[in-house]
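Structure record follows, encoded as structure tokens.
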Amino acid sequence: MKDINELNLPEDVKYTKDHEWAKAEGDTLTIGINDYAQDQLGEIVFVEMPAVGDSFSAEDEFGSVESVKAVSEMYMPISGEILAVNEDLEDAPEKVNEDCYQSGWIIKVKASDLSEMDALMDKAAYLEMLKG
Amino acid sequence: MPQRINSISRAGVFQDLGVLEYTEAMNLQETARREKTANRTLPDKIFFVQHPSVFTFGRNGGKENLTVSEDFLTDRGVSLVQTDRGGNITYHGPGQAVLYPVVDLELARIGVTDFVYGLEEIMGQTARDFGVSIHRDPRNHGMWKGPRKIGSVGLSIKHGISIHGLALNVSMDLTPFSWINPCGMSGLSMTSLKQELEDQGLLPDPPVAMDAVKETLITYFCQWFQFHPVREKDAAHA
């Protein structure tokens, strides 16, 4: 696994304790798993995504990623409705390993309460959590 | 290349569940995981178990890889269970050693790839101690003896904590594997430690004892993942 100091953690996204990232543009959020998660999981072979129109509360399971012989759940950073899923991942789940913040994004969500973003961590707080 | 896990030794509570229904063992693992998720300071828990005959499906599917009808299985007292682990269909039955580590991989800083590699490794070390040399194979994860599969791995991870684990064929009746395409691979045949020893003309005396396999698996698990065992009072049922 990568050393914590080697992780690619952009400044312009927010992080969850379960290693998702979220980036807001207006009330639309793009969500994926971060560099720590993709590195911890190893080679991702399948991404199970929700259906467009599904609604979730913050911290609900919204999908899973399968790597080698392990299925790992993903959790909603905030409450909202699924606007889009990254259909490219159906044929190319490895994009999550290769580029987890850009082409490896997983869902887009219409936030029901943007103030929930305040509970997420910035890079500094997330790094502090990782270092325990 | 995955490495032996380097970290401080962790307490692992080992519990032998005896012969226990698959769904009951799954409930125990899920309960242990829920408790650990709520309190990350609780020690990791590792269950050893044998299951009555059961086919289980993974997240990759399975039912399509049954080559007999469900009625055929019902008539023979074999149940079917959908699970949340990775992988495809497999079979568990008496005479198979099953280890379910409920481990906080995140706290232990063990990557999933390294964890799977380590579970394969301890099956290899155990088999070697009983006189059978087994190996990895590019066709699939798990452990193999030549073209035949002898041990399988499948995990589910929530909040960084694993459940499910490994299954090593020791002395089980292998017939039910012929009713499925194991791991979703048609034409795949399975083997066991007993079968391999017999094929080599070795009739182990005394026969390969499940208790000895259990102790060996646990010893190598502790060595590889740096655990020190804490034995909880063994219980047939929790």
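So what J values fall out for region B:10-18 if you push phi through Karplus, 6.51 cos²θ - 1.76 cosθ + 1.60 with θ = phi - 60°, rounded to Hz, Gly and Pro as x?
10, 6, x, 8, 9, 9, 8, 8, x
Suppose we keep just the DSSP beta bridges with both residues in the protein assembly as shown; what percent of those would be antiparallel, to 5?
75
Please work out the FRET efficiency for the pair residue A:123 and residue A:51, using the Cβ-Cβ distance as r and a Förster radius of 35 Å; give the result to the nearest 0.05.
0.65
Would you please give the residues with an amide H less than 5 Å from that of residue A:84, counting only those at least 5 places away or on a separate chain, with H modeled from the backbone geometry?
Result for residue A:84 returns A:108.
If you keep only loop residues by DSSP, which GluC sites (Glu not before Pro) in region A:1-67 have at most 14 other Cβ atoms within 10 Å of their Cβ?
A:11, A:43
Got a sec to turn the phi values of region B:166-182 into Karplus ³J(HN,Hα) couplings, 6.51 cos²θ - 1.76 cosθ + 1.60 with θ = phi - 60°, whole Hz, x for Gly and Pro?
Result, rounded to whole Hz: 10, 9, 10, 6, 9, 9, 6, 6, 8, 3, x, 5, 7, 8, 9, 9, x.
Taking just the C-alpha trace of region B:11-231, give me its Rg and Dmax in Å.
16.6, 52
Using just the C-alpha positions of region A:13-113 as equal point scatterers, what log10 of I(q)/I(0) does the Debye formula give at each q in 0.12 1/Å?
With one equal scatterer per Cα and no solvent, log10 I(q)/I(0) is -0.32.
Amide H to amide H, which residues 5 or more places from residue A:71 or on other chains are under 5 Å from it, using H placed in the peptide plane?
When sequence neighbours closer than 5 places are left aside, the close amide H contacts are B:86, B:155, B:156, B:157.
What residue among B:86, B:18, B:77 has the largest mean-square fluctuation in a Gaussian network model of chain B, using Cα springs under 10 Å?
In this elastic network of chain B, the residue with the biggest mean-square fluctuation among B:86, B:18, B:77 is B:77.
Take every DSSP beta bridge whose two residues both sit in region B:11-231, then give the antiparallel share in percent to the nearest 5.
On the way: 28 of 43 bridges.
Roughly 65 percent of the beta bridges in region B:11-231 run antiparallel, per DSSP.
Working out 0.36 nm times the residue gap between residue B:67 and residue B:27, then minus their Cα-Cα distance, what length gain in nm do you get to one decimal? Mind dumping the intermediate values first?
On the way: separation 40, 0.36 × 40 = 14.40 nm, distance 2.84 nm.
Using 0.36 nm per residue and subtracting the Cα-Cα distance, I get 11.6 nm.
Between region A:1-32 and region B:182-228, how far is it from one alpha carbon centroid to the other, in angstrom?
Rounded to whole Å, the Cα centres lie 43 Å apart.
Treat the protein assembly as shown as a sphere of radius equal to its Kirkwood radius over Cα pairs and apply Stokes-Einstein at 4 °C in a medium of 1.567 mPa s; give the translational diffusion coefficient in µm²/s, rounded to a whole number.
Result for D is 60 µm²/s.
How big is the dipole moment of chain B about its Cα centre under a simple scheme where the beta carbon of each Lys and Arg is +1, that of each Asp and Glu is -1, and everything else is neutral? Debye, nearest 20, please.
That gives chain B a dipole magnitude of about 720 debye.
Mean residue ellipticity at 222 nm from the helices of chain A, using -39,500 (n - 2.57) per DSSP H segment of n ≥ 4 over the full residue count, to the nearest 500 deg cm²/dmol?
On the way: 4 runs with 24 residues, N = 132.
The helix-only estimate for chain A comes to -4000 deg cm²/dmol at 222 nm.
Spelling out what I want: for every residue of region A:82-88, take phi, set θ = phi - 60°, compute 6.51 cos²θ - 1.76 cosθ + 1.60 (Karplus), and round to whole Hz; glycine and proline get x.
6, 8, 7, 10, 7, 5, 4
If R₀ is 56 angstrom, what is the calculated FRET efficiency for the pair residue B:75 and residue A:102, using the beta carbon separation as r and rounding to 0.05?
0.55
Report the calculated FRET efficiency for residue B:137 and residue B:198 (r = Cβ-Cβ distance, R0 = 22 Å), to the nearest 0.05.
Numbers: r = 22 Å, r/R0 = 0.99.
Between residue B:137 and residue B:198 the formula returns 0.50.
Evaluate peptide A:54-67: per residue, the Cβ atoms of other protein chains within 10 Å of its Cβ; return the mean as an integer.
That average works out to 2.
Straight distance only, please: which aspartates and glutamates reach the Cα of residue A:69 with their own Cα at less than 13 Å, same-chain residues fewer than 8 apart left out?
Partners within reach: A:43, B:84, B:114, B:120.
What spacing in nm lies between the two simple spin-label points modelled at residue B:226 and residue A:61, each 7 Å away from Cα in the Cβ direction?
For residue B:226 paired with residue A:61, the spin-label model returns 3.0 nm.
No value in this document is a laboratory result; all are computed from the given coordinates. This is a predicted model, so every value here is computed, not measured. Every residue, glycine as well, gets a Cβ built from its backbone with ideal geometry; the counts of neighbours run over all protein chains shown.
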